[in-house]
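Shown next, in structure tokens, is the structure this report addresses.
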């Protein structure tokens, strides 16, 4: 009797897009995880496979874009949590004692390294959020434009002809404007 041979199991990372993998990637992105971290898992595709899927599959591209926008909101939530973290440490040996003897020998001090690290963590998240969702988290940019409009330029833009009595008035206005400069 011949032994049945089962087809070999695929080895390596998945390279074909499936809805389940796409959903898992987008869910983890929305939870604030980076694509690099997601793709480093054994059961996840390589980063390049995901980028190929984005160009090939419009539904996945739309889902991915929404997940990135949600990721910006998650990062903003994390900023509040980081800002609320305690950056203090307790020193029990303020006056030379090795333990707290309940006589005021405890000193609470700010850990400057933790404060600096948290500031960096907040700034990094603010920057990424501003790039992922610029309308909500980006810097407000105002543009100031000054425009000088003359009667001659308005008439030229309107396409009206300047033949007849208005032509002499226009010429006089133009000469007056030039003289005022």
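Expressed in nm to one decimal, what extension gain is obtained for the pair residue 83 and residue 124 from 0.36 nm per residue of sequence separation less their Cα-Cα distance?
13.5 nm
Can you order the peptides 63-71, 149-157, 33-41, 121-129 by their average number of other Cβ atoms within 10 Å per residue, highest first?
Final packing ranking: 63-71, 121-129, 33-41, 149-157.
Under a plain spin-label model, where a point goes 7 Å from the Cα along Cα-to-Cβ, how far apart in nm are residue 154 and residue 27?
It is 6.3 nm.
Could you put 132, 54 in order, starting from the residue whose Cβ has the fewest other Cβ atoms within 10 Å?
Taking fewest neighbouring Cβ atoms as first place, the list is 54, 132.
Give me the one-decimal nm value for the distance between modelled label points at residue 43 and residue 116, 7 Å along each residue's Cα-to-Cβ direction.
Taking the two extended label points, one gets 4.1 nm.
Return the whole-Å distance between the Cα centroid of region 143-159 and the Cα centroid of region 61-75.
Each part reduced to its Cα centre gives a spacing of 43 Å.
All of the numbers you see were taken from the coordinates with simple rules; none came from a lab. Model, not experiment: these values are computed from the prediction. Positions of Cβ are backbone-derived with ideal geometry, glycine not excepted, and every protein chain shown enters the neighbour counts.
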